[in-house]
Every structure is written in structure tokens, then in C-alpha cells.
1. For 232, 150, give the ranking by accessible area with the largest first, probe 1.4 Å.
2. If I compute solvent accessible area with a 1.4 Å probe over the protein chains, what percent of it on the stretch 319-463 is carbon and sulfur?
3. Leaving out ligands and nucleic acids, note down the accessible area per residue over the stretch 319-463 with a 1.4 angstrom probe, in whole Å².
4. Can you give the Rg to Rh ratio of the stretch 477-619, both from alpha-carbon atoms, with Rh computed by the Kirkwood formula?
5. Once the principal axes of the Cα atoms of the stretch 49-227 are found, what is the range along each, listed largest first in whole angstroms?
6. Before I look further, what does the stretch 49-227 give for accessible area per residue, probe 1.4 Å, in whole square angstrom?
7. So, by mean Cβ neighbours within 10 angstrom, what's the order for 509-519, 188-198 with the highest one leading?
8. What does the charge count around residue 50 come to, taking other residues whose C-beta lies under 13 Å from its C-beta (Lys +1, Arg +1, Asp -1, Glu -1)?
Amino acid sequence: MPPVFPMLTVLSMFYYMCLRRRARTATRGEMNSRRAIESNTRALPINVELVQYAKEVLDFSSHYGSENSMSYTMWNLAGIPNVYPSSGDFTQTAVFRTYGTWWDRCPSARLPFKRTPSTFCSQDYVELAFEEPVYPTAVHILETYHPGAVVRILACSANPYSQNPPAEVRWEILWSEAPTKVNGPQARQFTPCIKQINFPTNLIRLEVNSSLLDYYTELDAVVLHGVKERPVLSLKTSMIDMNDIDEDEDEEKFACGMDTLNKQFSIVTLREWPTNGYFDKLPYELIQLILSHLTVPDLCRLAQTCKLLYQHCCDPLQYIHLSLQPYWARINDTSLEYLQSRCTLIQWLNLSWTGNRGAISVSGFSRFLKVCGSELVRLELSCGHFLNETCLEVITEMCPNLQELNLSSCDKIPPPAFNHIAKVGSLKRLVLYRTKVEQTALLSILNFCSELQHLSLGSCVMIEDYDLIASMMGAKCKKLRSLDLWRCKNITESGIAELASGCQLLEELDLGWCPTLQSSTGCFTNLARKLPNLQKLFLTANRSVCDTDIEELAANCAHLRQLDILGTRMVSPASLRKLLESCKDLSLLDVSFCSQIDNRVVLELNANFPNVFIKKSFTQ
């Protein structure tokens, strides 16, 4: 009896394996992409596509707006578009806190962690919930001003509206790309080519990098297209792009590498090898130096090659500085447990964005710090929603040498927990942006942490009297170099006077959106006269800033590099010319919505002072 199938050639067998692989990992389902399977491929069975706008904003790392308002906040991403297809600066959109590289060029800038993989460039994120879980077929992002910041789109297997928490939470990358500069600030609908996944989702995460942008990016809405039933590819397929297979392999390598955090770190015996090659002939220190350029997943893989390299890959000296933020989706209690023996000498640790949705428990975090916290100098915990009072207590007890603590957007920490921070008298940097720290706890921190050099209190809405806080800073924090009071609602000229008199080393001061400060009281001229070292001053949205203030800055703050006076009605072109002539280091000047500074003036100033980025925003 003749065989049912003809004999497969080597080429046809390879083609068959490609089909198997594509059926397993799914395709990138955009019909206008060169990487999609050609149009004669169809999904079986045919499903009705659902189109959904975001129902709710679940989490985000930062936003330009206030915690008590809707203007420029991430919450504007929920629901139908408010602005699109219009272009321009609109308060009804979602805006992140930073843009460009200006924040990396100011006194409060932090040193980057080494070993960050080149594929991870995310700076901020926002997570959106949709009504119905679907298998995504497309994601549309409506960008209304300075588009191009989105660098990754991810989908989560957990249903935020389910009553039963899942046993396992999976995140899959639907699309990712390095930051690119988009020509022009005009609105657009961004529809990247996404890959198919093997689970339904109603939780989408956008990650952004705004470093190449000339101004804040503004997002209006996110539209999720998808089907209820998982698409099954028809075998009627004519072509597969080989680049897809390469990228799938890269993603699998990444996943494999991170899985080894939970598996291969626990290996205590390795296969016997007759030789370690030529590595035996190299000095120990040279091998350590070579391995210091590898990412954490690469170290995990290399540890499986031979005993010598296993020893090097597990040496605590390889983990003096460790950032787990790029792997936030895969870090859990097991990861921390296996890393414990390698991190006994760790000094810098970045756990930002990790541990949410039950991935890291309070007990798991506490066990790790009890073993690895004694040498910690810097601890980054931004958006760590697993943190509670017990965690802060453990930090203060187990990390006696801690100098930098970042709790940015840890908005789940209860107010009483912040009292523990006062026990860390060695603190030099403290970031409390968007936390629920209260006045009593903050006064205690300022009283006992007199070594503070950098303090961020932006959008801390639980503080009742910022004048009292400023007075305590002036009395106790003489070494303060940068202070962020973004959207502080009740500081007055009295608090500014105390601050300027006591903290004369200040080089950076953010008073953006502080409505109780009035130029007529002399508070800004007092700042200019008392703080000659100022390099960055943000007076954003203070409409009372006037020519006198600008002229005082020109006369007294020769080192000024960044000035934001967005929204003022009282500053003339003449005073700006004096400022630009006097402050030779000035590189950023934001005069958006300054009524006396029109586009003609901006063009003239740009021509005469080409080294200064002069920003003039607009609305259509």
C-alpha cells in the first residue's frame, strides 16, 4: 500500500517545522506588516472582533497632574477619546512627569545601574483594564502631542475583575521597540504590529521612554481589538518571514534566562568536565571583570557551562550592584531566595516595579533583606505595591548603612509606616513622590536625617503645613542640594524664606504648580539672592512670576541651567534676553503659554542663543 504522505525532502521538513513553530508561538497579526503571514491565511473559527476602550487605569509610575484632579493625569486614559484627532497641549490627556534628558542633567540625577540589558529602556508605565478578556488582534494608542514615547506593550494573564486570584500571573510582550524620534508633535494613531498570545487578556500595560522627545508626550485613549476565541491558524499559508523566527528565539532565550533565576541558581553540582579550556590560565580578577559586563540572565546561563565559571558567576562580587527592574515580570519570592547567597555583599539594589500582584510577599522580601541588607547603600523600590509597614521596619533595622531610598509611587504604604524611616540617620537621598507620608512622620525624618542632600516630596498630598516642613528643613537639613515640592498646595513666602536662609547649598528647586506662592511677596527675589548655586528652578504655572524675578535670577544665579516659567503673564522678552546673556550655562527655558512671549520672540531668541532649548508649547 503506498504511503499516505510523500517523502519529505530536507527543505520541506524544515518548512513543516517552521509551520509547527508558528502555530505554537502565534503570529504578529497586523495585516499591513511585512512580518505578517500573507492575506490568504485565515483564523479558524472566525470570531467577531471586539473593540474596547480602557475601562479603568489600575496603576502607573508617574504623571504630570495632581492626585486630586483630572488635568494631565493618567486617569484620562480611561474611556473614549477626549481630544483626538486634535493636536496640541490639552489638560484632558494623560501626561507623564518627565521628558527629554533634562532630568538626567540636574543635581538630583541618579547614577544608572550597570548590566541593564540593552533591550530594556522603559522609564514609565501605565496599566489599563478592559471590560472583556480577549485574544488581542490590535492595540491602537491615540497620541495627541509629541508622539513616539511608547516602547513596549504587554498583556497580562490575570483578570483584574476576577474574584479568584490566579495561581500564576504571566506577562507577555505584544510589541517592543527602541525609542525613536518622531518628526513633529502632531497627533497620530499608533498601531504597532503585535504578536498573538495563547491566553485571553483584559489587562494591558504600556511602557514609555521619553528621552528623545522635545516635550511631554500626551496620550488620549487606548483601544484594544480582540476576539473571544483563540485564533487557530489555517494550514493554507504561503510564506513566513524568517525574521519572525529569529525574534521568537530571542524572546525564548530571554524567558529561559530569567527562568534560570528560579531554577539554575539552586544547582549545587555540575557535570564533570575534563578541562575548563583556557580560563584556568586567566587571573581570577580578569575573569571577574569580563563577567561584569554580562546581564543577570547571561550569568545564569554561563553558570551552567563548567565549575570554574559557575564559581565566578556565583561570586558575590558580581552582585555588588544589582538591578532587577528589567525583569520585573518574572521576579518573585523564589528568585530572591536563590539570589540570597550571591547578594551578601550587595550595595546597590533596584527592585523597582517588581513584586506586584503577589509575586513578592512581605515575608520573602524580609528574608532577603535580613541576609543581604547589611551592606546596602542604595535601595530602589519605586512602585513596589507589596510594601507595608513591616517592610519599612525591616529596611530600617537590616540596612544600617543605607544612604539612598526611593519609594516613588509606593502609594499603598500606610501613613504610620513612614515613621520608621527616621531611624536611618545616614540617609542622603529620599524619594517620597506620590506617597501617603504625613506631616508628623516627615518632621521626624527631617529631624533625625540631617545628612539629607536630595529630597523629593512631589505630589505628597497628606502634608498639612508645608511652611512648617520648610522651616524644619532650614533648621536641620543644611546639606540639602535638591528639593522637589512639585504641586505642594500650601507653602507660602514664609516657608520659602526659612528654606532659603537655612539651605543655602540648594542647587535644584522644583516649585511647579505651587499656587500659594506670589511674586508680590518677594519670595522669588529672595530665592535668587539667597541661593546663588541654583542650577535648576521650576516655577511652572505660577502666573505671578514677573520681570523683577527674572532679572534677579540673571544678577545672582550665574550657574542656572534649567528654568521653567510656563504660564506666566508678566515676563517680557527684554528680561529673558538679560537672563540669557547672564546665565551662560542655561540649556533649558520653558516659556510655554507665556502670553508676552510669542513664536516670533522664540525664533529670535533661538537665533541669538542657539545653545539654549527654548520651549514654547501650543494648543490647537
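1. Greatest to least solvent exposure: 232, 150.
2. Carbon-and-sulfur percentage of accessible area, whole number: 48.
3. Heavy-atom accessible area per residue stands at 31 Å².
4. Using only Cα positions, Rg/Rh for the stretch 477-619 is 0.95.
5. Principal-axis extents of the Cα atoms in the stretch 49-227, largest first: 46, 41, 33 Å.
6. Heavy-atom accessible area per residue stands at 38 Å².
7. 509-519, 188-198
8. Here the charged neighbours net out to -2.
The values are calculated or read from the model by the stated rules, or taken from the named source; none is laboratory data. Quick caveat: nothing in here was measured; it's all calculated off a predicted structure. Because the Cβ atoms are built from the backbone with ideal geometry, glycine has one as well, and the counts that use them run over all protein chains shown. Remember, those area values only see protein heavy atoms, side chains included, never the ligands or the DNA or RNA. Shrake-Rupley method; radii C 1.70, N 1.55, O 1.52, S 1.80 Å.
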